[in-house]
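Colleague: Mind looking over this structure? Questions follow.
The values are calculated or read from the model by the stated rules, or taken from the named source; none is laboratory data. Nothing here was measured: the structure is a model prediction, and the numbers come from that model. Don't worry about glycine lacking a Cβ; one is built from the backbone with ideal geometry, like all the others, and counts go over all protein chains shown. Please note that ligands, DNA and RNA were not included when accessible areas were found on the heavy atoms of the full protein model with its side chains. Shrake-Rupley method; radii C 1.70, N 1.55, O 1.52, S 1.80 Å.
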Amino acid sequence: MSVERLVVVGASLAGLRAVEAARKAGFAGSITLIGAEPHLPYDRPPLSKAFLDPLADGAEPEHPFFRSEKVYADELTVELMLGEPATGLDTERRVVRIGDREVPYDALVIATGAQARTLPGTQHLAGVYGLRTLDDAVGIRAAMEAGARTVVIGAGFIGSEVASAAKKRGLDVTVVEALPTPLARAAGAQMGAAIAALHERNGTRLLCGTGVQAVTGEGVVERVILDDGAVVEADLAVVGIGAVPAVQWLEGSGLTLDNGIVCDEKLYTGVPGVYAAGDVANWVNGVLERRQRLEHWTSAAEQGAAAARNALDPENATAYGTVPYFWSDWYDSRIQFVGSPEADEVRIVDGDVNRDGRWVALYRSGDRLIGALTVNGPTEIMKYRGLIMKQASWHEALAFAATRKERAAARAAVAV
Ligand code: FAD
């Protein structure tokens, strides 16, 4: 069937890229972008970074909107339905439901992302935040401006960025992590510990292997009680314990839901006309030959565009594959990761995690390079991404790393 009406659910990064790609591909039909939040689409990574930084004279930071209202109206000619969460999907009749209203589609891209996991029993307390939305960031920033004693629950990337921001402001900050080693899933146990040590090196208290028993206070958070009975006084508690894909509204729709929306390598859900993209998509990544659901900016953007192109021209749909990439900024360090942390061996090929503020670690699976981590190595990381894409052997990767290290040493010697 020819597509005249494209509907995109989820007005954030992947949804916006879907709209832009559709227009770029010459699609002249109608586009409707449905978003649960009242805001124009905005960028999330700054929310746990620059957005939390203090500004001169107590000024407020700009909200990180991707585009102005005018661009949606005049350039992208898209109908925005913001502040209106989709509540259901009828794939037989090809309509998205918003309460008792219906929005018909010929092609549908679902990009509803993920929601911050909440800590049970804290909903009634002011001063307890997840960090997923602009509204969360505005609340956290205001608390920091007021000098809040900050407890971050969960030493993942977002929580750790919040801790860095609090520390930068000179606030009292404690990070509590239930697992003995933070970031083990994201970077492997050895590198997770090495990265987490950045907290201690920057004077932030990190308590690992300690769950939270309760967060208490009279209407507003006053203390966090740990499993071992220890009490940490707090005016702000930021819960960074991961995110869950936003699929509740799709229950009973006939889409396969299992850790997100299950789709194939073309981001196709198997239901005519329906594609998924971004943090909500659980798809087959042909490059790493595995099923994945990523929560990374770069792949969400690329998937949005790919899903729209495929939805508009299913007969010529192409697979989307990638070497996953993400970055995170803690204190003065930039952490970057490419590939997969599921490895047989992790080897430091440059720098020393105990001494230097800069290092490069490579991840081996069988005899192949499968992942790479750099801390303050921005000129290195994409080189390893290229090697993983080329399916380089471990031997090749080590030889390449040795050459890079020699060159860097030679440059440093000249500079002295
Ligand atoms: P989302 O950005 O989650 O957007 C989904 C949108 O869909 C939301 O606006 C939501 O309200 C809406 N929605 C949900 N349900 C419905 C519904 N039923 N109807 C209509 N709309 C709905 N990645 C990195 O690689 N590096 C970083 O440094 C980094 N930092 C981050 C910092 C923070 C604070 C956060 C929250 C994320 C960060 N990320 C980072 C991850 C990155 O931002 C996400 O991967 C990206 O935003 C995913 O885009 P998305 O469009 O798939 O989903």
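Colleague: For a label point 7 angstrom out from the Cα of K390 toward its Cβ, which stretches of the range 345-365 have the backbone nitrogen within less than 18 Å?
Modeller: 362-365
Colleague: When only DSSP loop residues count, what chymotrypsin sites (Phe, Trp or Tyr not before Pro) in the range 273-346 have their Cβ near at most 14 other Cβ atoms within 10 Å?
Modeller: none
Colleague: Then there's this: With springs only between Cα atoms under 10 Å apart, run a GNM on the chain and tell me which of A163, A59, A25 wobbles the most.
Modeller: Maximum fluctuation in the GNM of the chain, among the listed residues, is at A59.
Colleague: What order, most packed first, do the peptides 266-273, 350-357 have when packing is the mean number of other Cβ atoms within 10 Å of each residue?
Modeller: Peptide ranking by packing, descending: 266-273, 350-357.
Colleague: Also, quick follow-up: Rank A126, P45, A143 by how far each Cα sits towards the positive end of the charge dipole of the chain (+1 on Lys, Arg Cβ; -1 on Asp, Glu Cβ) and give me just the farthest.
Modeller: P45
Colleague: While we're on this one: Need the list of aspartates and glutamates near K168 for cross-linking: C-alpha distance under 19 angstrom, and skip anything on the same chain fewer than eight residues off.
Modeller: Within the straight-line limit of under 19 Å, K168 reaches these aspartates and glutamates: D53, D57, E60, E145, E200, D235, D329, D332.
Colleague: Could you give the distance between the Cα centres of the range 282-352 and the range 116-150, to the whole Å?
Modeller: 29
Colleague: With runs of 4+ DSSP H residues as the only contributors, calculate the mean residue ellipticity of the chain at 222 nm using -39,500 (n - 2.57) per run, divided by the residue total and rounded to the nearest 500.
Modeller: The per-residue figure over the chain is -7500 deg cm²/dmol.
Colleague: Now for a separate question. Which of the lysines could be linked to K70 by a straight reach, that is with a Cα gap under 29 Å, when you skip same-chain ones fewer than 8 residues away?
Modeller: Straight-line reach from K70, under 29 Å: K24, K49.
Colleague: Right, something else. What ranking do 150-158, 112-120, 183-191 get when scored by the average of other Cβ atoms within 10 Å per residue, highest first?
Modeller: 150-158, 183-191, 112-120
Colleague: Then there's this: Which semi-axis lengths, in whole Å and largest first, follow from the square roots of five times the eigenvalues of the Cα gyration tensor of the chain?
Modeller: Largest first, the chain gives 36, 30, 20 Å.
Colleague: Hey, what's the range 257-308 come to in accessible area per residue, 1.4 Å probe, Å²?
Modeller: It amounts to 32 Å² per residue over the range 257-308.
Colleague: Next up: Within straight cross-link reach of K383, meaning Cα distance under 15 Å, which aspartates and glutamates are found once same-chain residues fewer than 8 apart are removed?
Modeller: D350, E396
Colleague: Which residue, G15, A59, T374, has the largest displacement toward the positive end of the dipole of the chain when charges sit on each Cβ (Lys, Arg +1; Asp, Glu -1)?
Modeller: It is T374, whose Cα lies furthest towards the positive end.
Colleague: Here's something else I'd like to know. From the square roots a ≥ b ≥ c of the eigenvalues of the alpha-carbon gyration tensor of the range 50-122, which class results: rounded (a/c under 1.5), prolate (a/b over b/c), or oblate?
Modeller: oblate
Colleague: Right, something else. Place the peptides 88-97, 369-378, 63-72, 338-347 in order of packing, highest mean first, counting for every residue the other Cβ atoms within 10 Å and averaging per peptide.
Modeller: Per-residue mean Cβ counts within 10 Å order the peptides as 369-378, 338-347, 88-97, 63-72.
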